[in-house]
Amino acid sequence: NAGVTQTPKFQVLKTGQSMTLQCAQDMNHEYMSWYRQDPGMGLRLIHYSVGAGITDQGEVPNGYNVSRSTTEDFPLRLLSAAPSQTSVYFCASSASGGGPRKTQYFGPGTRLLVL
Amino acid sequence: GDSVTQMEGPVTLSEEAFLTINCTYTATGYPSLFWYVQYPGEGLQLLLKATKADDKGSNKGFEATYRKETTSFHLEKGSVQVSDSAVYFCALLGGNSGYSTLTFGKGTMLLVSP
């Protein structure tokens, strides 16, 4: 199993450009999430999904859009990139069952630089 | 809402020293608690977890005990190695946020010198 994969690994954008960060998992997990990591801020939740067709906002959703058309994929879209979106982005997935025994699995991350 | 507070770093130790990284949390109910580790240039890996009070999670020589009375989950290791240099994140699952996403602390960088 590949686990959670993310592409690209690194991207440079100009202010105002749009792009999509890809995330895929092959573990048949229902739950998927996007986090951003900034120095001194830890990881903050952007958007998450509890199943195909169901998404919800996290702590810092502004400027980002998501959709979940399949169980495997959960792309994150930046509609008009801003320098404040320079960050490292992590995708994670977990099974729906297990409640407190649930473990989230993380992808390797995408480093985004917005000029 | 839920929150996790970790000691600020960096924590600088010599090889074979004893490590403690403090973590306290605020959450309703009975959350699960996790320690994740991030090595330089890599993603997050689960280090250990505990799902109920008084549980002890352990892995690779690291240990943490879920203390509900003090709402703490401190990470310890008896003898650190240079290869333990990384950023460590305390996180919780459950509480107000439910079981679909994690709430993270800000991370603590550990630097171990030979």
Looking at A:L78, is it touching a residue at least 60 places away in the same chain (Cβ under 8 Å), more than 14 Å from every other protein chain (Cβ to nearest Cβ) and closer than 22 Å to B:Q38 by Cα? no
Tell me which residues, restricted to segment A:40-58, are out of contact with any Gly (no Cβ under 9 Å at 6 or more places or on another chain) and free of Cβ contacts under 8 Å to residues at least 24 places away in the same chain. A:A52, A:G53, A:I54, A:T55, A:D56, A:Q57
Looking at segment A:21-46, which of the residues that are modelled with pLDDT under 95, closer than 15 Å to A:D73 by Cβ and within 12 Å of chain B (Cβ to nearest Cβ) is surrounded by the fewest Cβ atoms within 10 Å (Cβ to Cβ)? A:E30
Has segment A:60-68 got any residue that is more than 15 Å from the chain's Cα centre (by Cα), assigned to a loop (DSSP other than H, G, I, E, B), farther than 25 Å from B:K106 by Cα and small (G, A, S)? no
Between B:K106, B:K77, B:K49, which is under 25 Å from A:V4 (Cα atoms), in contact (Cβ under 8 Å) with a residue 40 or more places away in the chain and of a type in the set (D, E, K, R)? B:K106
Top-ranked residue in segment A:81-101 [being assigned to a loop (DSSP other than H, G, I, E, B) and more than 17 Å from A:V114 (Cα to Cα); ranked as modelled with the highest pLDDT]: A:A95
For segment A:16-34, does any single residue satisfy the condition of being charged (D, E, K, R), over 16 Å from A:S69 (Cα atoms) and out of contact with any Pro (no Cβ under 6 Å at 6 or more places or on another chain)? no
Would you tally the residues in segment B:60-114 being within 13 Å of chain A (Cβ to nearest Cβ) and at positive phi? 4
Would you check if B:G57 is surrounded by fewer than 22 Cβ atoms within 10 Å (Cβ to Cβ), within 14 Å of chain A (Cβ to nearest Cβ) and over 16 Å from the mean Cα position of the chain (by Cα)? no
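The values are calculated or read from the model by the stated rules, or taken from the named source; none is laboratory data. Note that the coordinates shown come from a computational prediction; the quantities given were computed from them, not determined experimentally. Quick reminder, even Gly has a Cβ in these numbers, built from the backbone with ideal geometry, and neighbours come from all protein chains shown.
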